Each structure stands twice: as C-alpha cells, then as structure tokens.
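Enquirer: To start, I am sharing the structure in question, which I have written as structure tokens.
FYI, it's all coordinate maths here, none of it is from the lab. No experiment lies behind these values; they were computed from the predicted model shown. As a convention, Cβ positions derive from the backbone with ideal geometry for all residues, glycine included, and neighbour counts pool all protein chains shown.
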Amino acid sequence: MNTHRVAGLAALLLAGFVPAAHALDPVDAIDPTIGTITTSASEACGKTFPGPATPFGLVQLSPDTITGGDNGSGYSAEMTTIEGFSFLHMSGVGCYGDFGNLQVIPETGALVTGRDEARSPFRKETEVAKAGYYGVTLDRYKVKAELTAAAHAGMLRFTFPASAESRIKVDLTRRIGAKSDSRSSSQWVRQVDTRTVEGWMRCDPSGGGWGCGPGPTYTVYFSMQFAKPVRAFGTWDGADVSRTLKQRAGTHTGFFVEFPTKAGEQIAVKSGISFVSIEGARANLVHDIPGWSFDAVRRQARAQWASAIRRARIDGGTDTQRRIFYTALYHTMLDPRSVSDVDGSYIGADHLPHKAKGFVYRTIFSGWDVFRADFPLQTIINPSLINDEVNSLLQITDFGGTLGLSRWELMGTDTETMVGDPGLNVICEAYLKGIRGYDVSKAYALARGVALGPNNQSNRNDFAHWTKLGYCADGNSLSETLENAYSDYALSRFASALGKTDDAQRLAKTAQNYRNIFSPDAGWFRGRNPDGSWMAEGAGCVESNPEQQGWFVPQDVPGLIGLVGGPDKFNARLNKLFENTPPDQIMRWNNFYNHSNEPVHQCAFMFTYAGAPWLTQKWSRYICENAYATGPGGLDGNDDVGQMSAWYVLASAGLYPVSPASGVYILGSPVFDKITLRLDPKYAKGKTFTISAANNSAQNVYVQSATLGGKPLTRAWITHEEIARGGMLALTMGPEPNKKWGVGELPK
C-alpha cells in the first residue's frame, strides 16, 4: 500500500551511506540503508529503516530523523539531523506508521528537553548500517552512537568526549504518527537504583499514531540499565524539570541520567521491552542481554541473520544484484514480528494478558500487500511463521479485535486499512499447502463467515451489493469486486478440500463475479453503480486505475483471456502495458505499469497462461533490473512490510505465484545462476529445492529448455508439491525466445 507520490528526487538522495562491506558471506551483502527514503516529498519512498533488528524480533532499534507526517519508519535518508534512537519501528508501511517509542539520545552541556531543540546534525559519511548494527556520530554533542539488538531487548553504546555534563536522555512521550505532536498518552517512570530505571508508556488513538483507520491501544514497558552508575537522575513533564523526583507520572514525561566523562569514554545502556509488564521487560532483558559486551550482542544479531538468510542461498549475479537480493530477503523477515515475552506471555486484542501455546503470537499483518508474494515466499522458507500468523489471526478475532478476520492488523487492532479479505486468503493458502497447526474448523468457520456471513460486514466491503448484484457498487467498485472474487476462489478450494461441497460450489460461482464489471463496450473493466450503470472512466479503484487493477483476476486467467478476445489480444494488451512504461517510470502512479502498488504484481507472469511464456521471461527480468537498486532510493515505492522485497526474491529466483491459493508457481527468468531454497522438514519431504540457470547472463534471459528432477519439463510452471518434494529445476538460458518451450500445457 502506497499513500503519496510527489514528483522529483534529487540524485543526492541515492548516496550518502557507508555501505556494508561486501564479502563472501551473504550476511555481509545485507544493506539496511536500501529503501530508507521515507518522506512523501520524494518519489522514492521505501519507508524502511537502517537500524538493527533480529529476524521477526520485537525490538527494532533505529535512528529517528522525523516524528510526524507520512514518514512511516521515522527515518528518512535525505534528512541531516537526528532527534534520537527509539526501540520500536515499522518497516515499509504504506500508512503514517506507529511505534517510535522509548527514544534515547546522548547529550553534553546544558540539558535540553525539547525533542526538536535537542536534535543533532550528523554527516552521512559517519553512518554505518549492517545486519544487526548501526553507528553514527552526532556532531552537536561530539558523541559516537552505536546500536545493536536482540529479540526482546536493545543495546546502545555511546562514546563521549571529555565533559563534566554528559547525559543520556530518554523521551517517553515520543511516538511516530501522522502529526508532529503524535505522542504516547501517559507515562510513568521510576529510578530503581543507580543503574536501573523502569517505567511504561501508554499509547492509544487519542495520542495520534496510526492514521489510516482505527488506531491501536498498547502499553510499552521497559527495564533499562546503565553500565556506569549515574551521578544524577532527573525527570521532566512538559516544561517542568525536576532533579529530585525519583518517580514521576505525566503526559509529556521523560528522564535523564548524568555523569562526567573522559575523552573517548564508552558508556553502554541496554533495555528490555515488553507489551505485557515491567516484570516481563525485566525478564526479557535478563534473557536476551545478560552481560555488557556490546560486541557480543552485535555478533549474535549478525549470526542470527546469517542463519535466517541461509533459507535462500544464491550463486552468481553481480555484487549489486546480490546486495539487492539479500537485503530484500532481510526485509521480508522483519514482520510479522513476535510480540510475546520470552515466556510466551502477550496482550491479546481484549487488552488482557494471555500465554501462547504451540505458536508465537505476532503482529503487523499488512494483509492487502503481503498475501500476494511475501506470505507465499514464507510458505516455502518459513512455514512455521505462517502457522504462527494464522493462529494469531484466530486469536485476534476470538478476543474481539475484529468481527471477521483482520485485514491490516496492528497490536491486536484491525485498522480496517485497504480492501478485500487478505486474512481469509492467507488461511486458505496455508491449509492448501499443508500448514495446519491450528484449529482448522475454527479457521474455516471464520473465513466462511467473512465471505458468506454473518461476519462479512466487518471486513468485506459492500457485502449487500455483492450478494444482490454480483458486484460491489460503492466507490471502490472495481477494486473490491476483483479482490473479493479472488478470495471466494481461495475459500472455494479450502471448502472443497474439507469436503464442504455446497460451500465450494457456491463460492466458485461468486468467484466469477469479476465478469459482472467487464464492459463489453469498453472492452475492459469499469466500476458499476447500484443501478447497473457504469462509473465514470477511471473510477472505482483503490491505489490504482482500471488498466492496472483490471488484470487482477488470478483465479481465472483463462476466463479473462476469453473476455479480452483470446490469447493474441490478451498478450498484445498486456505487452502494451509494459512497452508504454519507460524504465525510469516503472514505479510511478501515472503510467501504465506501476510496480509500486500491488494489484499489478502478477502481471508479468500472466503471459504464460496465454501461451507466451517468453514474454513472462522478458518482462519479469525487466522489472528486476529496473525497479530495484541499491542505496536509500533503491525501493522506489513503499516496501509494504516486505511485499515489494518478496516480489524481488521470488521473481529473481525465476518463479512467482499468480494465484497463491492455486499452489502453482509460474516460471520466469532467474537473475542468478543458482538459488537454493532450504525447506522445513516439518512441512516438506525434501531438504532443499534448487533452481539453476545454465548460460545465464544479462542478455540470456530466455528459457531454452528445462528439466525437473532430471526429467524434461515442457511446461512453464511448477507446483508447491513439486517444490516441497525437493530436488532441482534446471533451466538452460539463451538470448532469443524459444517460442516452442512451455506452451503445450497451460497453468491450471
């Protein structure tokens, strides 16, 4: 989901970071600076953050350059001042963002409590960002700041100059949100001893935060320790500063600790975070960071990433392509994050404590985005994560977070952002691909309730028109009709697998509702009004236009081909979509193919259904080469909580799920000579699935022939079952299309 585009991106925004040094180890190819342009004043608007995290970890500790506006992550690479370093961030969100809590900044000299007044300039050349590490020098205070993270805790190390007034200041009010005055609503802090401070920040919609629908309510608890005993402790609430109060509650509260420092003296601070209790934060800190070795924590974070990205190993490609790939894989493993304490405790959607049994409770489900490529990717390389997410979605509904299934979930709240039924889509795909570690009967009942009633009013837009007219007839008629039709197809397959024949047949019929908004006169899709009339040209879409959204019929591409007039007309129209889009405009809203928004993500792989797999090979490679780059501007559109990155991981590997619930992956043109996907033995018979591309190069983008498991493969698609069995898909590449290969057996 992308919210804004404003023309103009200065070239200087694409430079400035000290990149992570390239080495043979893939973990050193991860570059967290990719996509870190965040503000909507830029065309490139990846909204990622450069700071350290661990795979799917609760703590995501990163620098903050901005608090309010359409900034998402709170950091934007074109900005030249830092206001602090906070423990919680969101990566690549298409909305205004949230979190940004527990912001820490070192100071020297006189105390400055105002966030804007205390911000420090910094030089881009002092920034270093790697997997599990971030460092920068704050010029105003002449302090080097270094950050690293564990799953439930984070650690900062500050190298101070000689000063009689050195200080570490912690802002408990700060919160990322749509407005510059977004804040936590209330705070409490207490000095426990000369090394320990504990407290909490309560965040609810009254303080701002999420700005694209109902906002969440959550409380962040912390237990913070300092390596050096503090000489003085103080608090503030607004303009009222006290150096005597050891405990304080307020609505604009923060605290500071002071001590003299020698030149080059390093002082570390670490904190555990919990959404459950101070006791939970304390236990999380003891479990994750028991000692004081910053370098040991950094090495551990790096090792965790090295292990995580081994799930997809590439050979070949340029240094730039390897950096793009491994960073994309990294970005797909930030969310949905665990929000449980180390003992499994979490706060449910009912705002009461619970303990997860048999799964990890997770949050940040950007459903409209991630059901298309990110979750299909994880079904292959992280199926247990999918199992966790399905359980979490069920719990959220059980505890009152939504009536049906969450569409865009944040901290147990369905923010009702975007359209369609992505929670339903994810559950259906999971079951159909053998991921079933949850209450299947409950999962089906909730999915059915969304599609057929009685729980459809909460997250199926315009359900009344869907049942009476056979299409949605509100302002987003075109987008909603097509999204709902795919969901009914997915649920139809789920119902059929469970032997629920009547439901399956009913849903298979409504999955064809896309036909009811196809205008024979226009020869394409248009939104429709309740009286049956057609909407104005260009109307009825969400973050797209009819030429883009209209291609989203993944459940019945043969049917779409028939409506358009047959394979030749289908291929000509789809080909024109790409040919009319210059390489430097492939991520722009106002052109034909807009890769920065999800409704077109399957388009390059649809040619195969019309007997032209060589066009899929051509255009999927074209997008890989022109829509992704290194540097802060390398994601020329919101990463959408990993969806944009997941598209690259899959497409550059040479496959993509046009219709995730079908279990079919269309073959494209691999960027790399070989990619090995590591399978989970709990969910797959094989150990690895490898795709090799002989004679691969920037010119040799076309598949000449293929074998699967050593046997000739004449179709341009494979199934999830074939991947799960393990083995090798071997492609031979060449510079010209082989128009005979892959055209015999069309995808199911």
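Enquirer: Give me the extension gain from residue 699 to residue 685: residue separation times 0.36 nm, minus the current Cα-Cα distance, reported in nm with one decimal.
Expert: Fully extending the segment from residue 699 to residue 685 adds 1.5 nm.
Enquirer: If the reach is capped at under 17 angstrom between alpha carbons, list the lysines near residue 179, excluding any in the same chain fewer than eight residues apart.
Expert: The qualifying lysines are 47.
Enquirer: At 7 Å along Cα-to-Cβ for each site, give me the label-to-label distance between residue 575 and residue 81 in nm.
Expert: Taking the simple label geometry, residue 575 and residue 81 are separated by 5.5 nm.
Enquirer: Round to the nearest 0.05 the FRET efficiency obtained for residue 192 and residue 318 when R0 = 60 Å and r is the Cβ-Cβ distance.
Expert: The value I calculate is 0.70.
Enquirer: With r as the distance between the Cβ atoms of residue 112 and residue 204 and R0 = 30 Å, compute the FRET efficiency 1/(1 + (r/R0)^6) and round to 0.05.
Expert: 0.60
Enquirer: Could you list, bin by bin from short to long, the percent of Cα-Cα pairs of region 549-633 in 5 Å steps?
Expert: Histogram of Cα-Cα distances, whole percents per bin: 3, 15, 27, 26, 16, 9, 3, 2, 1.
Enquirer: Which one of 622, 595, 495 has its Cα pushed farthest toward the positive end of the charge dipole of region 489-625, where Lys and Arg give +1 and Asp and Glu give -1 at the Cβ?
Expert: Selected residue: 495.
Enquirer: Using packing as a proxy for protection, rank 418-424, 381-387 so that the peptide with the highest average count of other Cβ atoms within 10 Å comes first.
Expert: Working: 418-424: 27.4, 381-387: 20.9.
Going from most to least packed, we get 418-424, 381-387.
Enquirer: Could you give the dipole magnitude of region 341-441 about its Cα centre, charging the beta-carbon of Lys and Arg +1 and that of Asp and Glu -1, in debye to the nearest 20?
Expert: Details: 7 positive and 14 negative charges, 56 e Å.
Computed about the Cα centre, the dipole is about 260 debye.
Enquirer: Something else about it: Step through the residues of region 162-175 one at a time and calculate ³J(HN,Hα) from phi using the Karplus curve (6.51 cos²θ - 1.76 cosθ + 1.60, θ = phi - 60°), rounding each to whole Hz and writing x for Gly and Pro.
Expert: Result, ordered by residue: 5, 7, 7, 10, 8, 7, 10, 10, 10, 8, 8, 7, 4, 7 Hz.
Enquirer: Relative to the present Cα-Cα distance, how much length would full extension add between residue 247 and residue 464 at 0.36 nm per residue of separation?
Expert: 72.6 nm
Enquirer: If you add up the charges near residue 601, with Lys and Arg at +1 and Asp and Glu at -1, over every other residue whose beta carbon is less than 11 angstrom from its beta carbon, what do you get?
Expert: -3
Enquirer: How far is helix 422-432 tilted, in degrees, relative to the longest principal axis of the Cα atoms in the chain, given as a value from 0 to 90 rounded to the nearest 10?
Expert: Around 70 degrees separate the two axes.
Enquirer: Considering only 513, 456, 713, whose Cα is most displaced toward the positive end of the charge dipole of the chain, charges sitting on Cβ of Lys, Arg (+1) and Asp, Glu (-1)?
Expert: 713
Enquirer: So how compact is region 252-364: Cα radius of gyration and Dmax in angstrom?
Expert: My reading of the Cα-based Rg and Dmax gives 18.8, 53 Å.
Enquirer: Further question on the same structure: Order of 577-584, 657-664, 188-195 by packing, highest average Cβ count within 10 Å first?
Expert: In descending order of packing, they fall as 657-664, 188-195, 577-584.
Enquirer: Given Cβ point charges of +1 (Lys, Arg) and -1 (Asp, Glu) and nothing else, what value in debye, to the nearest 20, does the dipole of region 228-277 about its Cα centre take?
Expert: 220 debye
Enquirer: So what does the Cα-only Debye profile of region 369-443 read at q = 0.19 Å⁻¹, as log10 I(q)/I(0), no solvent term?
Expert: -0.73
Enquirer: Considering amide H positions built from the backbone, and no H for Pro or chain starts, which residues 5 or more places from residue 704, or on another chain, come under 5 Å of its amide H?
Expert: Distant-sequence amide H within range of residue 704: 732, 733, 734.
Enquirer: As I understand it, the dipole of region 59-199 uses +1 on the Cβ of Lys and Arg and -1 on the Cβ of Asp and Glu, about the Cα centre. Which of 185, 90, 162 lies farthest toward its positive end?
Expert: The residue sitting farthest along the positive end of the dipole is 162.
Enquirer: I want the local charge near residue 423. Using Cβ-Cβ distances under 10 Å, sum +1 for each Lys or Arg and -1 for each Asp or Glu among the other residues.
Expert: With Lys, Arg at +1 and Asp, Glu at -1, the neighbours total -3.
Enquirer: Hey, another quick one. Do the alpha carbons of any pairs in 130/228; 687/711; 130/674; 169/228; 228/262; 130/169 sit beyond 22 Å of each other, and which pairs?
Expert: 130/228; 130/674; 130/169
Enquirer: Hey, another quick one. Using only DSSP helix segments of four residues or longer, with each worth -39500 (n - 2.57), what per-residue ellipticity at 222 nm results for the chain after dividing by its residue count and rounding to 500?
Expert: Result for the chain, helices only: -7500 deg cm²/dmol.
Enquirer: Which of the cysteines found in the chain have nothing to pair with, since no other Cys Cβ lies under 4.7 Å from theirs?
Expert: 45, 203, 428, 472, 541, 603, 624
Enquirer: Considering only the other residues whose Cβ falls under 12 Å of the Cβ of residue 148, what net charge follows from Lys and Arg at +1 and Asp and Glu at -1?
Expert: +3
Enquirer: Here's another thing I want to ask about it. Please find the FRET efficiency linking residue 343 to residue 180, where r is the Cβ-Cβ separation and R0 is fixed at 45 Å, and quote it to the nearest 0.05.
Expert: The computed FRET efficiency comes out at 0.75.
Enquirer: Pull up all non-local amide H partners of residue 312: gap of 5 or more, or a different chain, and H-to-H distance under 5 Å with H placed in the peptide plane.
Expert: Hits under the 5 Å cutoff: 678.
Enquirer: Equivalent-ellipsoid semi-axes (√(5λ), Cα gyration tensor) for region 592-688, whole Å, largest first? Write down the numbers at each step before the final one.
Expert: Working: eigenvalues 96, 65, 37 Å².
Output for region 592-688: semi-axes of 22, 18, 14 Å.
Enquirer: I would also like to ask the following. Out of these labelled values of Rg and Dmax of the Cα atoms in Å, [x] 26.2, 104; [y] 26.7, 83; [z] 25.6, 82, which was calculated from the coordinates shown here?
Expert: The calculated read-out lines up with [z].
Enquirer: Still on this structure, please answer the following. Just to be sure I understand the model, the point goes 7 Å from the Cα along the line to the Cβ. What's the resulting residue 231 to residue 721 distance in nm?
Expert: Spacing of the two 7 Å Cα→Cβ label points: 7.3 nm.
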